[in-house]
Amino acid sequence: GVKAIEIYEKRDIIGHVRSLTPVFARRMAALADHPLIGETRECGLMGAAELVADKSTKRSFDPKKGVGSQVSRFCEANGAILRAIGDSIAFCPPMIITEAELNELFDRFEKALDEGEAWVTKENLRAA
């Protein structure tokens, strides 16, 4: 543990994370415009995007539909490993990620969201 702290200090990992936090926050907030996203939340380089059936009411999908799991699979198919926690997609990139890599992660997630939206529409998963 002590050695890890030494490495964090030597490489200024905390400073690096602080420098990327505004980029992460901006990209998370921009996701709110997507038809599948009801809410986003973030702190530092951790965040989540909540998938909803109805943006205006924030109505959730029927859990049996597995929308979060399917969007997670779309993420993986696009080269982004993000975890579904129910119908929320969790972000927790490595603290050494670069700004370019962080933007690439969000670009890939947005592509997966578009695929998720097409799938939800095709399967009529918004029906109550």
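Shown for the chain is the translational diffusion coefficient from the Stokes-Einstein equation, using the Kirkwood radius over Cα pairs, a temperature of 20 °C and a viscosity of 1.002 mPa s: 139 µm²/s. Under a 5 Å amide H cut-off, with hydrogens placed 1.01 Å from N, residue 88 pairs with 51 among residues at least 5 apart or on other chains.
Explain nothing, just the number: dipole magnitude of segment 18-85 about its Cα centre with +1 on each Lys and Arg Cβ and -1 on each Asp and Glu Cβ, in debye rounded to the nearest 20. Walk me through the intermediate numbers first.
Working: 11 positive and 7 negative charges, 15 e Å.
Computed charge dipole of segment 18-85: roughly 80 debye.
Per residue Cα convex hull volume for segment 1-55, in cubic angstrom?
Details: hull volume 3.8 nm³, N = 55.
Measuring per residue, one finds 68 Å³ for the Cα hull of segment 1-55.
Solvent-accessible surface of the chain, taken per residue with a 1.4 Å probe and all protein chains present: 59 Å².
Accessible area of the chain with a 1.4 Å probe: how many percent of it is carbon plus sulfur? Write out the running numbers ahead of the final one.
Values: 4130 of 7490 Å².
Within the chain, the accessible surface is 55 percent carbon and sulfur.
Rounded to the nearest whole Hz, the Karplus-based 3J(HN,Hα) values (6.51 cos²θ - 1.76 cosθ + 1.60, θ = phi - 60°) of segment 83-94 follow the sequence 9, 8, 10, x, 9, 10, 9, 8, 10, 7, x, x, with x at glycine and proline.
Amide hydrogen proximity for residue 37: with H placed 1.01 Å from N in the peptide plane, the residues at 5 or more positions away or on another chain lying under 5 Å are 52. Between the Cα long axis of helix 13-30 and the first principal axis of the chain there is an angle of about 20°, rounded to the nearest 10. Coupling constants for segment 52-59 follow from the phi torsions by the Karplus curve (6.51 cos²θ - 1.76 cosθ + 1.60, θ = phi - 60°), and in residue order they are 10, 6, 9, 4, 5, 9, 6, 5 Hz; glycine and proline get x. Here the Karplus curve 6.51 cos²θ - 1.76 cosθ + 1.60, taken at θ = phi - 60°, turns the phi angles of segment 71-77 into couplings of 5, 4, 5, 4, 4, 4, 4 Hz, with x standing for Gly and Pro.
The values are calculated or read from the model by the stated rules, or taken from the named source; none is laboratory data. Note that the structure is a prediction, hence the values are computed from the model and not measured. No Cβ is skipped: glycine too gets one built from the backbone with ideal geometry, and neighbour counts run over all protein chains shown. Quick note on the areas: whole protein, heavy atoms, side chains included, nothing else; ligands and nucleic acids left out. Shrake-Rupley method; radii C 1.70, N 1.55, O 1.52, S 1.80 Å.
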